[in-house]
1. Give the residues of segment A:99-124 that are among the acidic types (Asp, Glu) and over 25 Å from B:Thr210 (Cβ atoms), sorted by residue number.
2. Name the residue, out of B:Leu141, B:Leu104, B:Leu64, that is touching a residue at least 60 places away in the same chain (Cβ under 8 Å) and in contact with a strand residue (DSSP E or B) (Cβ under 9 Å, 6 or more places away or on another chain).
3. Among the residues in segment A:121-129, are any polar (S, T, N, Q) and surrounded by fewer than 23 Cβ atoms within 10 Å (Cβ to Cβ)?
4. Just to verify a result, which residue in segment B:67-83, among those that are surrounded by 18 or more Cβ atoms within 10 Å (Cβ to Cβ) and under 27 Å from the mean Cα position of the chain (by Cα), is farthest from the other protein chains (Cβ to nearest Cβ)?
5. Taking A:Pro36 and the conditions (1) over 15 Å from the mean Cα position of the chain (by Cα); (2) modelled with pLDDT under 90; (3) surrounded by fewer than 20 Cβ atoms within 10 Å (Cβ to Cβ), which numbered condition does it fall short on, given that it satisfies the others?
6. Can you confirm whether B:Leu182 is more than 28 Å from the chain's Cα centre (by Cα), surrounded by 12 or more Cβ atoms within 10 Å (Cβ to Cβ) and in contact (Cβ under 8 Å) with a residue 12 or more places away in the chain?
7. Can you go through B:Lys164, B:Lys172, B:Lys187, B:Lys204 and tell me which one is surrounded by fewer than 17 Cβ atoms within 10 Å (Cβ to Cβ), more than 10 Å from every other protein chain (Cβ to nearest Cβ), in contact (Cβ under 8 Å) with a residue 24 or more places away in the chain and basic (Lys, Arg)?
Amino acid sequence: MNSLGQLAAIGFISALAAGGTFWLKGPPVRTLRCDPATLKPDEICLQQISPDEPVLWVDARHRKDWEKNGVPGSALWNLDADEDMQAFEADIAMRIMETPQVIVYCGDENCGLSRQVADRIRSLQLGAEVSVLHGGWRALSEAGMVKDSNPGS
Amino acid sequence: MKSALAIALMLTALVHAGELEFDEMNKEQDAAVDATTVTTDFAFTNKSDKPVSITKSDPNCSCLKVEISGGKLKYAPGESGVIRTTFDVGNTTGSVEKGIAVWLDDDPPDKPSVYLKVNIHVPVLVNLEPKTLSWAIGEKLEPKTIQIRIAEGSLIHVVDVKSKDTFTCELKTLEKGRSYDLVVTPKSVDLPDLSIIRIETDSKISKQKTQQAFAVVRKFTPAAAGVSRQ
């Protein structure tokens, strides 16, 4: 058997194994997973939040994204240069008085913006418990918690 | 069989073809107080033995523009280039971190090969310490002080202080244009209350003209005492 034949044989066997796995186990799970044991100290998994606990959601994405598909009732605080940081501070300060549990999310699980925003909220020293949502907006979208979301997608 | 494995390995190698080596991937940038933009250059060289193409770059802020060596996106082995970022300072004061994701060749959409960071520091001319004054509900009603200090080399006067009428504010001038104390007292500590205190100055830098502080009467929680969730 020449080299190309051998390569084709390897490819065929691999495809057969992949097909068998798909048939036995089903399609791969593409939903976001969050393991509380591996979280960073200031992170929280969506499943750790009790539905009875009031949460002040803070969206760290761009304004147009927040308006399009943020969590209903959420506050906006991003670090875009054309935004008014003092207005963000004032809005959050008023809302923390009512809801001292604050969770910040941004676009995806690797987005560092939510951590920067969380640090700024903590530095206000208003007594809020501030966390960063692991998985960000994607986790909320999968749970059907954002505007126009399709739960489980 | 050996040659088939070799072909398979070659195909795998092509997926990871080439790497760009940057002189620095995290940079610190000090901006002038009146700067409107801050430019940062990230120099790189293709240290691999294959050509490398930059297929996409994505800054994490609309305030950051990215330009790659005058539009050149393909780099032969040993060839160098520069990724230039221009930050629009806008209303930013203090420190802010911005990032740019860069995709090379066949990088998957969610896994760029390169992530560059720049920490930009815009001088704060009027410093408030602390920014928030807190009283616990039921605690002894006594005044607390925010120190207002002007950055060295600047002369900025506090011209007005506004607060909610459930708090009294007394401004004490320690050194005109350089140092002030703002003494704040709540009228009651029986119920939760919050005042946003606005401190107006004559700063020539418009975005630093008004400073904001907070006075709050609240119930103390473990989080407030510095105990985090974990």
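1. A:Asp108, A:Glu109
2. Going through B:Leu141, B:Leu104, B:Leu64 in turn, the sole match is B:Leu104.
3. yes
4. If we take residues in segment B:67-83 being surrounded by 18 or more Cβ atoms within 10 Å (Cβ to Cβ) and under 27 Å from the mean Cα position of the chain (by Cα), then B:Gly81 is farthest from the other protein chains (Cβ to nearest Cβ).
5. It fails just one condition, (1).
6. No, not satisfied.
7. None of the others qualify; the one that does is B:Lys164.
The rows are residues; the columns are (1) farther than 15 Å from A:Leu113 by Cβ; (2) assigned by TED's automatic domain parsing to the domain that holds B:Phe44; (3) over 20 Å from the mean Cα position of the chain (by Cα).
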| residue | (1), (2), (3) |
| --- | --- |
| B:Thr86 | yes, yes, no |
| B:Val96 | no, yes, no |
| B:Val102 | yes, yes, yes |
| B:Asp105 | yes, yes, yes |
| B:Pro109 | yes, yes, yes |
| B:Lys117 | no, yes, no |
| B:Lys131 | yes, no, no |
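The values are calculated or read from the model by the stated rules, or taken from the named source; none is laboratory data. Just so it is clear, the model here is predicted, and its values are computed rather than measured. When we count neighbours, we look across all protein chains shown, and the Cβ atoms used for this are built from the backbone with ideal geometry, even at glycine.
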